[in-house]
Amino acid sequence: MQGSPQTSSDPATADATNSAVLKEYRFSDVASATYMRDDGRTLKVRAARFADASGAFGAYTFYLQPEMNKEQIGDQAASIGNHVLFYRGHVLVDAQFSKESPMSGAELRELAGALPKISGSAANLPSFIQFLPPRSYVANTQKYVMGPRALSAVNSPVSAEIVDFGTSSELTLARYSTPSGEATLTLISYPTPQLAAEHLKRIDAAHQLAQPQAGISEVNGSGTFFDKRTGPIIAIATGGISDADARTLLGRVNYEASVTWNTPTDSHEVRELYSLILNIVVLCAILGGLAIIAGVAFGGIRILMKRFYPDKVFDRPEHMEFISLHLTETAVNGTPPSGPEVGGEAR
């Protein structure tokens, strides 16, 4: 390392031009350093940390360019020339080599493995982005947006006012190749299907209102405009494509609700408690089963022996113990009564 690493919690230190965009992605802090080999080659590394994996993924897509090549580093990576961009968990890394070498990728994979990990829900990416269809997708064109500044920078077909980020909405878009040309598919996710239905009406109203004016709609540019709602997601297909291709592209977006009763957890204490309770239940079941088997066996053997060998194994007369009390009535004056002797036995 050349000198000391530079750290800051100011997004302008990471990117002075797009500091407001980084804030929307919940930027936390940044660290940068320069490394030099003995032969004079250098590597400049800048790592930006975000509140969760969604923020790092969003920033990654913001800086991603279509001409980049896909790489196997971290969670997702791309490169162009000596420049490599990748993210792992909630950390986005920008690496710049002075001269690329066959070991460059291996060194960055080692760096990605050493980055701090994040767990729990913060490690999950937005679930609605999985509904972008993979078929005919133009590589490296996906953008994930969490605020109006990023939306205006990615040339979205709808404005921030219509998306309404105040409702905790999120947006992703990507380009697709179709037989009639290239289209942009936009997905807007809302917390509930009711909010999505309400905003779909707003989008349609804005499109109809703007259509007679100069022949354009609320979209940035002219061309086809088709939209639909599927669950809490609004899908919009735009671009210079035919109506049939637009409908086909929208038809590939279908929301499917997934309900889970249990949420996985990585807590060590929870796993230990679960194992303890499970072992206790298993032990009780084993002991209860053994007690039932022993009781049935003992009672069954006794019944069978009494049936086939009565008074020979169990309840033999010579083994029956009892106490006999010989009691005789005596008159009050001491004269024995003339009646029969009264006696009793007790077992």
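The values are calculated or read from the model by the stated rules, or taken from the named source; none is laboratory data. From a predicted model like this one, the values you see are computed outputs, not experimental measurements. Please note: Cβ atoms are built from the backbone with ideal geometry, for glycine as well, and neighbour counts cover all protein chains shown. In case anyone asks, the SASA skips ligands and DNA or RNA and just uses the protein heavy atoms, side chains included. Shrake-Rupley method; radii C 1.70, N 1.55, O 1.52, S 1.80 Å.
Observations
- With both labels modelled 7 Å from their Cα along Cα-to-Cβ, the Ala106 to Tyr63 distance reads 2.5 nm.
- Whole-Hz couplings from phi, Karplus 6.51/-1.76/1.60, listed for segment 139-152; x for Gly and Pro: 4, 6, 10, 6, 10, 10, 10, 10, x, x, 5, 5, 4, 5
- Under the Karplus curve 6.51 cos²θ - 1.76 cosθ + 1.60, θ = phi - 60°, whole-Hz ³J(HN,Hα) for segment 15-29, x wherever Gly or Pro sits: 7, 5, 6, 10, 4, 5, 5, 4, 4, 5, 7, 6, 4, 10, 7
- On full extension, the segment bounded by Leu278 and Gln72 gains 70.1 nm, given 0.36 nm per residue less the C-alpha separation.
- Using the Karplus relation 6.51 cos²θ - 1.76 cosθ + 1.60 with θ = phi - 60°, the per-residue 3J(HN,Hα) values for segment 51-60 come to 5, 8, 5, 4, x, 5, 5, x, 5, 4 Hz, with x marking Gly and Pro.
- FRET efficiency for Ser119 and Phe298, using Cβ-Cβ distance with R0 set to 51 Å, rounded to 0.05: 0.40
- Given charges at beta-carbon only (K, R positive; D, E negative), |dipole| of segment 34-185 in Debye: 160 debye
- Annotation: amide H of Met146 has no partner in the under-5 Å range at sequence separation 5 or more or interchain, hydrogens built in the peptide plane.
- Heavy-atom accessible surface of segment 34-100: percent carbon and sulfur, 1.4 Å: 43 percent
- At a probe radius of 1.4 angstrom, the accessible area of segment 46-203 per residue rounds to 45 square angstrom.
- Length released on extending from Ser98 to Tyr35, taking residue separation times 0.36 nm less the Cα-Cα span: 21.6 nm
- Where labels lie 7 Å past Cα in the beta-carbon direction, separation of Arg202 and Tyr137 in nm: 2.8 nm
- With the convex hull drawn around the C-alpha atoms of segment 1-137, the volume per residue stands at 124 Å³.
- Whichever lysines have a C-alpha closer than 28 Å to that of Lys44, once near sequence neighbours (fewer than 8 apart) are set aside: Lys23, Lys70, Lys99, Lys117, Lys143
- Across the accessible surface of segment 113-252, with the other protein chains kept in place and a 1.4 Å probe, carbon and sulfur atoms take up 50 percent.
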